[in-house]
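Below is one structure, written out as structure tokens; the observations come after it.
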Amino acid sequence: QVQLVESGGGLVQPGGSLRLSCAASGNTFSIYTMGWYRQRPGKQRGVIATITQSGATDYSDPVKGRFTVSRDNAKTALFLQMNELKLEDTAVYYCFAAYNGTASWGQGIQVTVSS
């Protein structure tokens, strides 16, 4: 099993930047894809960024060009660099890891974009 813990959330002004981190532990050598979901107020949780075992990345349209996902080679840490933040980026952000036909999720962390 893989355990995930997010950190780095908080309050930021529009146009600002924030970097989320996700620490992975447990069966990390089995992970093949990691990424981030978010759940905006009143909306369903949706994927925003993924990174595969080979390092290939993909982004949802709302964050493309502003957010960057990365991870360390040991697959024990995942990051999300968020730039040019907008009010609509306010959400609870979750990291996930896919492995052995299943997935683990972090507990989620709040990001609030407000002036």
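The values are calculated or read from the model by the stated rules, or taken from the named source; none is laboratory data. Please read all numbers here as calculations on a predicted model, not as lab measurements. Cβ atoms come from the backbone with ideal geometry, glycine included; neighbour counts cover every protein chain shown. With ligands, DNA and RNA removed, areas are computed over all heavy atoms of the protein, side chains included. Shrake-Rupley method; radii C 1.70, N 1.55, O 1.52, S 1.80 Å.
A few notes on this one:
- Taking Cα centre as origin and charging only the Cβ of basic (Lys, Arg, +1) and acidic (Asp, Glu, -1) residues, the dipole magnitude of the chain rounds to 100 debye.
- Dipole axis of segment 1-77 (+1 Lys, Arg; -1 Asp, Glu on Cβ), positive-most option in Leu4, Pro14, Phe29: Pro14
- Seen from Val92, the other residues with C-beta closer than 13 Å to its C-beta sum to a net charge of +2, counting Lys and Arg as +1 and Asp and Glu as -1.
- The shape of segment 39-82 can be summarised by an equivalent ellipsoid whose semi-axes, obtained from the alpha carbon gyration tensor, come to 21, 12, 9 Å from longest to shortest.
- Percent accessible area from carbon and sulfur atoms, the chain, protein chains only, probe 1.4 Å: 49 percent
- The value for the chain of Rg(Cα) / (2.2 N^0.38 Å) is 1.00.
- 5 angstrom amide H check on Asp58, placed H, neighbours 5+ away: Thr50
- Residue of Ala74, Ala98, Ala23 that the Gaussian network model of the chain assigns the largest fluctuation, springs spanning Cα pairs under 10 Å: Ala74
- The residues of the chain expose, per residue, 50 Å² of accessible area to a 1.4 Å probe.
- Separation of segment 1-66 from segment 85-109 is 5 Å, based on Cα centroids.
- In the elastic network of the chain, a GNM with C-alpha springs shorter than 10 Å, the most mobile of Lys43, Lys64, Lys86 is Lys43.
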